[in-house]
Amino acid sequence: MEKFDIAVVGAGPGGYVAAIRAAQLGFKTVVVERAELGGVCLNWGCIPTKALLKSAQVYNYLSHLADYGLALCDTSSGENVKVVPVPQTEKIVERERNVAAAMSRGIEYLFRKNGITLVKGNARVKARGLLEVVVQSGDNMEIGASHIILATGSRAASLPFAPIDGERIISYREALVPEKLPESLVVIGSGAIGCEMAFFYNSMGTKVTLIEYLDRILPLEDADVSAQLSRSFRKAGMKVLVSAAVTQVEKSAQGCRVRVRTGKGEEVIEAEQVLSAVGVVPNTENLGLENLGIELVKGKVPVDEYYRTKVEGIYAIGDIIATPALAHVASAEAVAAVEKIAGLEVEPLDYSNVPGAVYTSPEAASVGLTEQQAKEAGFDYKVGKFPFTASGKATASGERDGFVKLISDAASGKLLGAHLVGANVTEMISGIVLARKLGAGVRDIVKTIYPHPTMSEAIMGAAEVICGECIHL
(Lines give C-alpha, C1' and ligand atoms only; values in the text may rest on other atoms or scores of the structure.)
Protein backbone atom coordinates (compact mmCIF):
# COMPACT_ATOMS: atom_id res chain seq x y z
CA MET A 1 0.00 0.00 0.00
CA GLU A 2 1.43 3.35 -1.07
CA LYS A 3 1.10 6.21 1.40
CA PHE A 4 0.53 9.87 0.60
CA ASP A 5 0.33 13.13 2.51
CA ILE A 6 -2.95 14.14 0.87
CA ALA A 7 -5.49 12.05 -1.04
CA VAL A 8 -8.23 13.83 -2.97
CA VAL A 9 -11.40 12.02 -4.02
CA GLY A 10 -12.79 13.69 -7.13
CA ALA A 11 -11.09 15.79 -9.81
CA GLY A 12 -13.63 18.53 -10.43
CA PRO A 13 -12.98 22.25 -9.79
CA GLY A 14 -12.63 21.51 -6.08
CA GLY A 15 -10.61 18.31 -6.29
CA TYR A 16 -8.11 19.18 -9.00
CA VAL A 17 -7.42 22.61 -7.49
CA ALA A 18 -6.90 21.00 -4.07
CA ALA A 19 -4.44 18.51 -5.56
CA ILE A 20 -2.43 21.11 -7.48
CA ARG A 21 -2.21 23.46 -4.48
CA ALA A 22 -1.19 20.55 -2.26
CA ALA A 23 1.59 19.55 -4.66
CA GLN A 24 2.77 23.16 -4.88
CA LEU A 25 3.10 23.19 -1.09
CA GLY A 26 5.26 20.07 -1.16
CA PHE A 27 2.71 17.41 -0.23
CA LYS A 28 2.88 13.99 -1.83
CA THR A 29 -0.56 13.93 -3.46
CA VAL A 30 -2.87 11.40 -5.09
CA VAL A 31 -6.22 11.98 -6.80
CA VAL A 32 -8.87 9.30 -7.28
CA GLU A 33 -11.35 10.02 -10.08
CA ARG A 34 -13.88 7.64 -11.63
CA ALA A 35 -14.64 9.72 -14.74
CA GLU A 36 -13.05 12.58 -16.70
CA LEU A 37 -10.61 15.01 -15.15
CA GLY A 38 -12.34 18.30 -14.52
CA GLY A 39 -15.57 16.80 -13.23
CA VAL A 40 -18.99 18.00 -14.32
CA CYS A 41 -17.83 21.61 -14.67
CA LEU A 42 -15.23 21.09 -17.36
CA ASN A 43 -16.89 18.15 -19.10
CA TRP A 44 -20.66 18.51 -18.68
CA GLY A 45 -21.32 21.91 -17.17
CA CYS A 46 -19.65 25.30 -17.05
CA ILE A 47 -17.23 25.02 -19.96
CA PRO A 48 -19.14 23.04 -22.63
CA THR A 49 -22.26 25.07 -21.90
CA LYS A 50 -20.36 28.25 -22.74
CA ALA A 51 -19.19 26.67 -26.00
CA LEU A 52 -22.83 26.03 -26.97
CA LEU A 53 -23.83 29.53 -25.95
CA LYS A 54 -21.06 31.00 -28.11
CA SER A 55 -22.50 29.13 -31.10
CA ALA A 56 -25.90 30.60 -30.26
CA GLN A 57 -24.40 34.09 -30.03
CA VAL A 58 -22.71 33.80 -33.43
CA TYR A 59 -25.94 32.40 -34.91
CA ASN A 60 -27.83 35.41 -33.58
CA TYR A 61 -25.27 37.80 -35.03
CA LEU A 62 -25.54 36.18 -38.46
CA SER A 63 -29.31 36.42 -38.26
CA HIS A 64 -29.07 40.19 -37.72
CA LEU A 65 -26.31 41.27 -40.11
CA ALA A 66 -28.52 43.99 -41.55
CA ASP A 67 -28.77 45.61 -38.11
CA TYR A 68 -25.03 46.29 -38.34
CA GLY A 69 -25.12 47.52 -41.93
CA LEU A 70 -23.70 44.30 -43.32
CA ALA A 71 -24.70 41.87 -46.04
CA LEU A 72 -23.10 38.89 -47.70
CA CYS A 73 -22.37 39.31 -51.38
CA ASP A 74 -22.34 36.80 -54.24
CA THR A 75 -18.93 37.55 -55.74
CA SER A 76 -19.94 36.18 -59.15
CA SER A 77 -22.93 38.47 -59.61
CA GLY A 78 -22.27 41.26 -57.13
CA GLU A 79 -25.73 40.79 -55.68
CA ASN A 80 -26.41 40.79 -51.98
CA VAL A 81 -27.31 37.42 -50.55
CA LYS A 82 -29.85 37.01 -47.79
CA VAL A 83 -28.28 35.15 -44.89
CA VAL A 84 -30.22 32.21 -43.48
CA PRO A 85 -27.92 30.54 -40.94
CA VAL A 86 -28.54 26.83 -40.48
CA PRO A 87 -27.48 25.13 -37.24
CA GLN A 88 -25.27 22.12 -37.90
CA THR A 89 -25.93 20.19 -34.73
CA GLU A 90 -23.17 17.67 -35.26
CA LYS A 91 -20.56 20.40 -35.79
CA ILE A 92 -21.81 22.47 -32.85
CA VAL A 93 -21.56 19.44 -30.54
CA GLU A 94 -18.18 18.45 -31.98
CA ARG A 95 -16.77 21.88 -31.21
CA GLU A 96 -18.24 21.82 -27.70
CA ARG A 97 -16.79 18.36 -27.02
CA ASN A 98 -13.38 19.45 -28.31
CA VAL A 99 -13.42 22.44 -25.97
CA ALA A 100 -14.22 20.20 -23.00
CA ALA A 101 -11.57 17.64 -23.98
CA ALA A 102 -8.92 20.34 -24.32
CA MET A 103 -9.62 21.62 -20.82
CA SER A 104 -9.53 18.10 -19.37
CA ARG A 105 -6.18 17.45 -21.06
CA GLY A 106 -4.93 20.66 -19.50
CA ILE A 107 -5.60 19.28 -16.03
CA GLU A 108 -3.85 16.05 -16.93
CA TYR A 109 -0.81 18.11 -17.95
CA LEU A 110 -0.88 20.06 -14.68
CA PHE A 111 -1.03 16.80 -12.73
CA ARG A 112 2.07 15.50 -14.52
CA LYS A 113 3.87 18.84 -14.14
CA ASN A 114 3.23 18.87 -10.38
CA GLY A 115 4.00 15.19 -9.79
CA ILE A 116 0.44 14.27 -8.77
CA THR A 117 -0.50 10.59 -8.87
CA LEU A 118 -3.81 9.84 -10.60
CA VAL A 119 -5.81 6.70 -9.88
CA LYS A 120 -8.87 5.97 -12.02
CA GLY A 121 -11.59 4.30 -10.01
CA ASN A 122 -14.21 4.57 -7.26
CA ALA A 123 -12.97 5.44 -3.79
CA ARG A 124 -14.49 5.09 -0.36
CA VAL A 125 -13.11 5.82 3.06
CA LYS A 126 -12.37 2.48 4.71
CA ALA A 127 -11.01 4.00 7.90
CA ARG A 128 -9.36 7.16 9.09
CA GLY A 129 -6.33 7.69 6.84
CA LEU A 130 -7.27 4.84 4.51
CA LEU A 131 -9.03 4.75 1.15
CA GLU A 132 -10.30 1.64 -0.58
CA VAL A 133 -10.40 2.02 -4.37
CA VAL A 134 -12.07 -0.16 -6.99
CA VAL A 135 -9.97 0.60 -10.06
CA GLN A 136 -11.24 0.39 -13.63
CA SER A 137 -9.99 -3.19 -14.03
CA GLY A 138 -12.27 -4.19 -11.16
CA ASP A 139 -9.43 -4.88 -8.75
CA ASN A 140 -9.28 -3.42 -5.27
CA MET A 141 -6.40 -1.34 -3.93
CA GLU A 142 -5.76 0.62 -0.77
CA ILE A 143 -4.28 4.10 -0.46
CA GLY A 144 -2.99 5.52 2.79
CA ALA A 145 -3.08 9.27 3.39
CA SER A 146 -2.57 11.56 6.36
CA HIS A 147 -5.31 13.82 5.01
CA ILE A 148 -8.27 12.88 2.82
CA ILE A 149 -10.24 15.57 0.98
CA LEU A 150 -13.66 14.56 -0.35
CA ALA A 151 -14.65 16.54 -3.45
CA THR A 152 -17.11 14.27 -5.23
CA GLY A 153 -19.43 16.98 -6.59
CA SER A 154 -23.05 16.54 -7.60
CA ARG A 155 -25.37 15.25 -10.32
CA ALA A 156 -28.68 16.31 -11.84
CA ALA A 157 -31.75 15.97 -9.65
CA SER A 158 -34.74 14.07 -11.03
CA LEU A 159 -38.42 14.73 -10.40
CA PRO A 160 -40.41 11.72 -9.16
CA PHE A 161 -43.12 12.21 -11.80
CA ALA A 162 -40.56 12.91 -14.54
CA PRO A 163 -37.63 10.52 -14.10
CA ILE A 164 -34.74 11.21 -16.46
CA ASP A 165 -34.48 8.52 -19.16
CA GLY A 166 -31.93 10.28 -21.37
CA GLU A 167 -34.25 10.26 -24.39
CA ARG A 168 -37.60 11.97 -23.86
CA ILE A 169 -36.82 13.39 -20.41
CA ILE A 170 -33.23 14.58 -20.36
CA SER A 171 -30.73 16.19 -18.00
CA TYR A 172 -28.07 18.77 -18.80
CA ARG A 173 -25.75 15.97 -19.94
CA GLU A 174 -28.02 14.90 -22.79
CA ALA A 175 -28.89 18.53 -23.54
CA LEU A 176 -25.20 19.19 -24.25
CA VAL A 177 -24.87 16.48 -26.88
CA PRO A 178 -28.09 16.34 -28.93
CA GLU A 179 -28.05 14.14 -32.01
CA LYS A 180 -30.47 16.62 -33.51
CA LEU A 181 -32.19 19.75 -32.30
CA PRO A 182 -35.73 19.01 -31.09
CA GLU A 183 -38.56 20.91 -32.70
CA SER A 184 -39.96 21.68 -29.26
CA LEU A 185 -38.61 21.54 -25.71
CA VAL A 186 -40.06 22.08 -22.26
CA VAL A 187 -37.51 23.19 -19.66
CA ILE A 188 -38.55 22.58 -16.06
CA GLY A 189 -36.67 24.88 -13.72
CA SER A 190 -35.30 28.37 -14.40
CA GLY A 191 -32.07 28.48 -12.45
CA ALA A 192 -28.80 29.09 -14.29
CA ILE A 193 -28.81 25.69 -16.03
CA GLY A 194 -32.44 25.92 -17.10
CA CYS A 195 -32.14 29.48 -18.41
CA GLU A 196 -28.89 28.85 -20.27
CA MET A 197 -30.19 25.71 -21.98
CA ALA A 198 -33.52 27.37 -22.76
CA PHE A 199 -31.68 30.30 -24.36
CA PHE A 200 -29.44 28.03 -26.44
CA TYR A 201 -32.22 25.86 -27.83
CA ASN A 202 -34.52 28.83 -28.44
CA SER A 203 -31.71 30.58 -30.34
CA MET A 204 -31.22 27.48 -32.50
CA GLY A 205 -34.87 27.50 -33.58
CA THR A 206 -36.41 25.08 -31.09
CA LYS A 207 -39.80 26.09 -29.73
CA VAL A 208 -39.02 26.43 -26.02
CA THR A 209 -41.33 26.66 -23.01
CA LEU A 210 -39.60 27.57 -19.74
CA ILE A 211 -41.52 26.60 -16.60
CA GLU A 212 -40.79 27.89 -13.10
CA TYR A 213 -42.65 26.85 -9.94
CA LEU A 214 -41.90 30.12 -8.13
CA ASP A 215 -43.23 33.52 -9.17
CA ARG A 216 -40.29 34.52 -11.39
CA ILE A 217 -37.44 33.02 -13.36
CA LEU A 218 -33.98 33.07 -11.76
CA PRO A 219 -35.76 33.24 -8.41
CA LEU A 220 -32.55 33.65 -6.40
CA GLU A 221 -31.59 36.81 -8.29
CA ASP A 222 -32.85 40.34 -7.69
CA ALA A 223 -36.44 40.74 -8.86
CA ASP A 224 -35.47 43.44 -11.38
CA VAL A 225 -32.94 41.09 -12.99
CA SER A 226 -35.55 38.35 -13.23
CA ALA A 227 -38.02 40.73 -14.84
CA GLN A 228 -35.50 41.95 -17.42
CA LEU A 229 -34.42 38.45 -18.42
CA SER A 230 -38.03 37.35 -18.67
CA ARG A 231 -38.77 40.26 -21.02
CA SER A 232 -35.72 39.44 -23.14
CA PHE A 233 -36.69 35.77 -23.35
CA ARG A 234 -40.25 36.55 -24.39
CA LYS A 235 -39.04 39.09 -26.95
CA ALA A 236 -36.87 36.32 -28.41
CA GLY A 237 -39.96 34.13 -28.85
CA MET A 238 -39.68 31.91 -25.79
CA LYS A 239 -42.78 30.99 -23.78
CA VAL A 240 -42.19 31.65 -20.06
CA LEU A 241 -44.53 30.30 -17.38
CA VAL A 242 -44.07 31.28 -13.73
CA SER A 243 -46.03 30.29 -10.64
CA ALA A 244 -46.53 27.09 -12.60
CA ALA A 245 -46.37 23.55 -11.22
CA VAL A 246 -45.66 20.58 -13.48
CA THR A 247 -47.93 17.81 -12.21
CA GLN A 248 -47.31 15.08 -14.76
CA VAL A 249 -45.18 14.20 -17.76
CA GLU A 250 -46.58 11.55 -20.09
CA LYS A 251 -44.17 10.01 -22.59
CA SER A 252 -45.00 8.57 -25.98
CA ALA A 253 -43.14 7.57 -29.13
CA GLN A 254 -43.76 11.05 -30.53
CA GLY A 255 -42.77 13.10 -27.48
CA CYS A 256 -44.15 14.27 -24.14
CA ARG A 257 -47.37 15.74 -22.78
CA VAL A 258 -46.59 18.05 -19.89
CA ARG A 259 -49.43 18.92 -17.54
CA VAL A 260 -48.94 22.28 -15.85
CA ARG A 261 -51.08 23.85 -13.14
CA THR A 262 -51.13 27.65 -13.17
CA GLY A 263 -53.32 30.34 -11.64
CA LYS A 264 -55.48 30.13 -14.77
CA GLY A 265 -56.05 26.39 -14.43
CA GLU A 266 -54.41 23.36 -16.02
CA GLU A 267 -52.52 23.59 -19.29
CA VAL A 268 -51.19 20.72 -21.40
CA ILE A 269 -48.01 21.38 -23.39
CA GLU A 270 -46.87 19.05 -26.16
CA ALA A 271 -43.11 18.82 -26.65
CA GLU A 272 -40.62 16.54 -28.35
CA GLN A 273 -38.43 16.52 -25.25
CA VAL A 274 -38.43 17.69 -21.64
CA LEU A 275 -35.29 19.01 -19.93
CA SER A 276 -35.28 18.56 -16.16
CA ALA A 277 -33.27 21.43 -14.71
CA VAL A 278 -34.51 21.40 -11.14
CA GLY A 279 -31.13 21.45 -9.43
CA VAL A 280 -28.49 18.98 -8.34
CA VAL A 281 -27.99 16.41 -5.59
CA PRO A 282 -24.63 15.79 -3.88
CA ASN A 283 -22.64 12.63 -4.61
CA THR A 284 -22.33 11.42 -1.03
CA GLU A 285 -23.37 7.80 -1.50
CA ASN A 286 -20.85 4.99 -1.05
CA LEU A 287 -18.15 7.26 0.35
CA GLY A 288 -17.87 5.20 3.54
CA LEU A 289 -18.87 8.10 5.75
CA GLU A 290 -20.85 5.68 7.93
CA ASN A 291 -17.56 3.92 8.74
CA LEU A 292 -16.39 7.13 10.40
CA GLY A 293 -19.62 8.05 12.17
CA ILE A 294 -20.12 11.10 9.95
CA GLU A 295 -23.85 11.77 9.58
CA LEU A 296 -25.19 13.90 6.74
CA VAL A 297 -27.20 17.02 7.51
CA LYS A 298 -29.90 17.59 4.87
CA GLY A 299 -27.87 15.43 2.50
CA LYS A 300 -24.63 17.39 2.98
CA VAL A 301 -21.41 16.64 4.86
CA PRO A 302 -21.06 18.89 7.93
CA VAL A 303 -17.73 20.75 8.16
CA ASP A 304 -16.20 23.69 10.03
CA GLU A 305 -14.95 26.93 8.47
CA TYR A 306 -11.80 25.15 7.29
CA TYR A 307 -13.72 22.19 5.78
CA ARG A 308 -12.74 19.74 8.52
CA THR A 309 -15.28 17.06 9.37
CA LYS A 310 -15.74 15.71 12.87
CA VAL A 311 -13.07 13.09 12.08
CA GLU A 312 -9.49 14.34 12.17
CA GLY A 313 -7.82 14.17 8.79
CA ILE A 314 -11.08 14.00 6.79
CA TYR A 315 -12.21 17.08 4.87
CA ALA A 316 -15.06 17.88 2.47
CA ILE A 317 -15.44 20.70 -0.08
CA GLY A 318 -17.65 21.76 -2.98
CA ASP A 319 -21.13 20.57 -3.79
CA ILE A 320 -21.23 17.95 -1.01
CA ILE A 321 -21.20 20.59 1.75
CA ALA A 322 -23.78 23.25 2.63
CA THR A 323 -22.25 26.11 0.63
CA PRO A 324 -23.18 27.47 -2.81
CA ALA A 325 -22.84 24.73 -5.44
CA LEU A 326 -20.61 26.78 -7.73
CA ALA A 327 -17.33 25.80 -9.36
CA HIS A 328 -15.48 28.92 -8.19
CA VAL A 329 -16.67 28.33 -4.64
CA ALA A 330 -15.36 24.76 -4.68
CA SER A 331 -11.98 25.98 -5.96
CA ALA A 332 -11.73 28.63 -3.24
CA GLU A 333 -12.66 26.07 -0.60
CA ALA A 334 -10.00 23.71 -1.97
CA VAL A 335 -7.23 26.28 -1.59
CA ALA A 336 -8.38 27.24 1.91
CA ALA A 337 -8.54 23.60 3.07
CA VAL A 338 -5.09 22.71 1.74
CA GLU A 339 -3.43 25.84 3.03
CA LYS A 340 -4.91 25.20 6.47
CA ILE A 341 -3.47 21.67 6.37
CA ALA A 342 -0.11 23.24 5.49
CA GLY A 343 -0.29 25.47 8.56
CA LEU A 344 -0.59 28.70 6.62
CA GLU A 345 -2.63 31.62 7.87
CA VAL A 346 -6.03 31.19 6.26
CA GLU A 347 -8.92 33.64 6.27
CA PRO A 348 -12.29 31.82 6.21
CA LEU A 349 -14.22 32.44 3.01
CA ASP A 350 -16.75 35.25 2.99
CA TYR A 351 -19.80 33.61 1.47
CA SER A 352 -21.64 36.93 1.43
CA ASN A 353 -19.27 38.07 -1.30
CA VAL A 354 -19.56 35.18 -3.75
CA PRO A 355 -20.47 36.26 -7.29
CA GLY A 356 -23.09 34.50 -9.36
CA ALA A 357 -23.24 34.45 -13.15
CA VAL A 358 -25.73 33.35 -15.79
CA TYR A 359 -24.52 33.25 -19.39
CA THR A 360 -27.70 33.84 -21.33
CA SER A 361 -28.18 36.79 -23.66
CA PRO A 362 -28.42 39.17 -21.95
CA GLU A 363 -26.14 37.83 -19.22
CA ALA A 364 -26.85 38.20 -15.51
CA ALA A 365 -24.33 38.65 -12.70
CA SER A 366 -24.71 39.47 -9.04
CA VAL A 367 -23.06 39.66 -5.64
CA GLY A 368 -24.34 40.44 -2.16
CA LEU A 369 -27.86 41.24 -1.06
CA THR A 370 -30.83 41.64 -3.35
CA GLU A 371 -33.07 44.62 -2.69
CA GLN A 372 -35.63 42.37 -1.05
CA GLN A 373 -32.98 40.85 1.22
CA ALA A 374 -31.70 44.29 2.19
CA LYS A 375 -35.24 45.32 3.06
CA GLU A 376 -35.89 42.16 5.08
CA ALA A 377 -32.60 42.60 6.95
CA GLY A 378 -33.73 46.05 8.06
CA PHE A 379 -31.10 48.08 6.22
CA ASP A 380 -31.67 51.75 5.49
CA TYR A 381 -30.47 51.51 1.92
CA LYS A 382 -30.26 53.39 -1.35
CA VAL A 383 -30.59 52.03 -4.89
CA GLY A 384 -28.83 53.32 -7.98
CA LYS A 385 -29.82 51.97 -11.36
CA PHE A 386 -28.21 52.78 -14.70
CA PRO A 387 -29.86 51.43 -17.87
CA PHE A 388 -27.77 50.25 -20.80
CA THR A 389 -30.11 52.22 -23.06
CA ALA A 390 -28.13 55.24 -21.78
CA SER A 391 -24.75 53.62 -22.50
CA GLY A 392 -22.91 54.73 -25.63
CA LYS A 393 -20.98 51.45 -25.87
CA ALA A 394 -24.14 49.36 -25.42
CA THR A 395 -26.00 51.39 -28.04
CA ALA A 396 -23.11 51.17 -30.52
CA SER A 397 -22.88 47.42 -29.92
CA GLY A 398 -26.61 46.84 -30.37
CA GLU A 399 -26.77 45.43 -26.82
CA ARG A 400 -29.09 47.84 -25.03
CA ASP A 401 -31.09 45.37 -22.92
CA GLY A 402 -30.34 45.52 -19.21
CA PHE A 403 -28.90 47.68 -16.47
CA VAL A 404 -26.54 47.92 -13.50
CA LYS A 405 -28.21 48.11 -10.11
CA LEU A 406 -26.26 48.95 -6.96
CA ILE A 407 -27.59 48.77 -3.42
CA SER A 408 -25.72 50.67 -0.73
CA ASP A 409 -26.02 51.35 2.96
CA ALA A 410 -27.61 54.80 3.24
CA ALA A 411 -25.32 56.02 6.00
CA SER A 412 -21.92 54.60 5.07
CA GLY A 413 -22.28 54.18 1.33
CA LYS A 414 -20.86 50.65 1.55
CA LEU A 415 -22.03 48.28 -1.15
CA LEU A 416 -24.66 45.84 0.09
CA GLY A 417 -25.24 44.25 -3.30
CA ALA A 418 -24.86 44.60 -7.04
CA HIS A 419 -27.08 43.17 -9.76
CA LEU A 420 -26.23 43.40 -13.42
CA VAL A 421 -28.02 42.21 -16.51
CA GLY A 422 -26.73 42.87 -20.00
CA ALA A 423 -24.00 42.02 -22.47
CA ASN A 424 -20.70 40.88 -20.90
CA VAL A 425 -21.78 41.67 -17.33
CA THR A 426 -20.27 38.38 -16.13
CA GLU A 427 -16.89 39.95 -16.98
CA MET A 428 -17.79 43.12 -15.04
CA ILE A 429 -18.91 41.67 -11.71
CA SER A 430 -15.39 40.82 -10.47
CA GLY A 431 -14.50 44.48 -10.01
CA ILE A 432 -17.49 44.95 -7.74
CA VAL A 433 -16.61 41.79 -5.78
CA LEU A 434 -13.13 43.22 -5.21
CA ALA A 435 -14.56 46.61 -4.23
CA ARG A 436 -16.76 44.96 -1.61
CA LYS A 437 -13.86 42.89 -0.27
CA LEU A 438 -11.73 46.02 0.12
CA GLY A 439 -14.57 47.94 1.76
CA ALA A 440 -15.07 50.44 -1.05
CA GLY A 441 -18.33 52.32 -1.26
CA VAL A 442 -20.31 54.14 -3.91
CA ARG A 443 -18.33 57.35 -3.40
CA ASP A 444 -15.12 55.44 -4.24
CA ILE A 445 -16.75 54.15 -7.42
CA VAL A 446 -17.84 57.64 -8.46
CA LYS A 447 -14.29 58.90 -7.98
CA THR A 448 -12.80 56.06 -10.02
CA ILE A 449 -11.99 56.83 -13.66
CA TYR A 450 -13.65 54.31 -15.97
CA PRO A 451 -12.57 53.95 -19.61
CA HIS A 452 -14.96 55.45 -22.15
CA PRO A 453 -16.86 54.10 -23.91
CA THR A 454 -17.35 50.81 -22.06
CA MET A 455 -20.22 48.81 -20.66
CA SER A 456 -18.52 49.06 -17.26
CA GLU A 457 -19.20 52.81 -17.11
CA ALA A 458 -22.72 51.82 -16.11
CA ILE A 459 -21.29 50.82 -12.71
CA MET A 460 -20.10 54.39 -12.20
CA GLY A 461 -23.43 55.65 -13.49
CA ALA A 462 -25.37 53.59 -10.94
CA ALA A 463 -23.12 54.88 -8.14
CA GLU A 464 -23.68 58.46 -9.32
CA VAL A 465 -27.43 57.93 -9.06
CA ILE A 466 -27.02 56.94 -5.41
CA CYS A 467 -24.75 59.92 -4.71
CA GLY A 468 -27.08 62.34 -6.49
CA GLU A 469 -24.40 63.17 -9.07
CA CYS A 470 -25.95 61.65 -12.16
CA ILE A 471 -23.90 63.30 -14.92
CA HIS A 472 -23.53 60.41 -17.38
CA LEU A 473 -27.16 59.95 -18.39
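Just a few scattered comments:
- Across the stretch 150-167, rounded Karplus estimates of 3J(HN,Hα) from the backbone phi angles (6.51 cos²θ - 1.76 cosθ + 1.60, θ = phi - 60°) give 8, 9, 8, x, 8, 9, 5, 7, 10, 7, x, 8, 9, x, 5, 10, x, 10 Hz, Gly and Pro being marked x.
- Among residues other than residue 118 with Cβ under 10 Å from its Cβ, the summed charge is 0 (Lys and Arg +1, Asp and Glu -1).
- Taking the inverse of the mean reciprocal distance over all distinct Cα pairs, the Kirkwood hydrodynamic radius of the stretch 404-473 comes to 12.0 Å.
- Within-9-Å neighbourhood charge of residue 358 [Cβ basis; K, R +1; D, E -1]: -3
- For the stretch 268-278, Karplus couplings with θ = phi - 60° (6.51, -1.76, 1.60), whole Hz, Gly/Pro x: 10, 10, 8, 8, 5, 9, 10, 9, 8, 10, 9
- Taking every protein chain into account, the accessible area of the stretch 237-394 amounts to 48 square angstrom per residue (probe 1.4 Å).
- Translational diffusion coefficient of the stretch 210-271 (Stokes-Einstein, Kirkwood radius from Cα pairs, 37 °C, 0.692 mPa s): 261 µm²/s.
- The distance between label points at residue 128 and residue 35 comes to 3.3 nm (points 7 Å beyond Cα on the Cα→Cβ vector).
- Estimated at 0.36 nm per residue, the fully extended path between residue 60 and residue 454 surpasses their Cα-Cα distance by 139.6 nm.
- At most 10 other Cβ within 10 Å, DSSP loop - trypsin sites (Lys or Arg not before Pro), the stretch 38-138: 82
- In the stretch 215-374, the C-alpha radius of gyration followed by the widest Cα-Cα span (Dmax) gives 20.7, 60 angstrom.
- For GluC sites (Glu not before Pro), the sites in the stretch 1-106 that DSSP calls loop and that have at most 12 other Cβ atoms within 10 Å are 79.
- Dividing the helix sum by the residues of the chain, where each DSSP H run of 4 or more adds -39500 (n - 2.57), gives a mean residue ellipticity at 222 nm of -9000 deg cm²/dmol.
- Taking one quarter of the surface of the convex hull spanned by the alpha-carbon atoms of the chain gives a direction-averaged projected area of 27.1 nm².
- Estimated FRET transfer efficiency when R0 is 35 angstrom, pair residue 310-residue 86 (beta carbons, to 0.05): 0.05
- D_trans [Stokes-Einstein, Kirkwood Rh over alpha-carbon pairs] for the stretch 15-63, 10 °C, 1.306 mPa s, µm² s⁻¹: 121 µm²/s
- Of the residues 348, 377, 389, the one whose Cα sits farthest toward the positive end of the charge dipole of the stretch 287-405, with +1 on the Cβ of Lys and Arg and -1 on the Cβ of Asp and Glu, is 389.
- Under-5 Å amide H pairs with residue 440, H placed in peptide plane, nonlocal only: none
- With protein chains left intact and a 1.4 Å probe, residues in the stretch 41-118 average 63 Å² of accessible area per residue.
- Of the residues 138, 331, 101, the one whose Cα sits farthest toward the positive end of the charge dipole of the chain, with +1 on the Cβ of Lys and Arg and -1 on the Cβ of Asp and Glu, is 101.
- One chain, two ends: residue 236 and residue 177. Fully extended at 0.36 nm per residue, the span grows by 18.9 nm beyond their Cα-Cα distance.
- Cα-projected label distance for residue 214 with residue 252, points at 7 Å along beta-carbon direction, nm: 3.5 nm
- Within the chain, percent of DSSP bridges classed antiparallel, to nearest 5: 65 percent
- With each label modelled as a point 7 angstrom along the Cα→C-beta vector, the residue 412-residue 1 pair spans 5.1 nm.
- Taking a point 7 Å from the Cα of residue 25 along the Cα-to-Cβ direction, the residues of the stretch 332-358 with backbone N closer than 19 Å to it are 332-350.
- Legend: residue pairs 235/405; 28/126; 50/393; 310/414; 91/235; 50/447, Cα-Cα distance threshold 32 Å; pairs beyond threshold, 310/414; 50/447.
- For the stretch 123-178, the solvent-accessible area of protein heavy atoms averages 44 Å² per residue (probe radius 1.4 Å; ligands and nucleic acids excluded).
The values are calculated or read from the model by the stated rules, or taken from the named source; none is laboratory data. Predicted model only: the values in this text are computed from it and were never measured. Because the Cβ atoms are built from the backbone with ideal geometry, glycine has one as well, and the counts that use them run over all protein chains shown. With ligands, DNA and RNA removed, areas are computed over all heavy atoms of the protein, side chains included. Shrake-Rupley method; radii C 1.70, N 1.55, O 1.52, S 1.80 Å.
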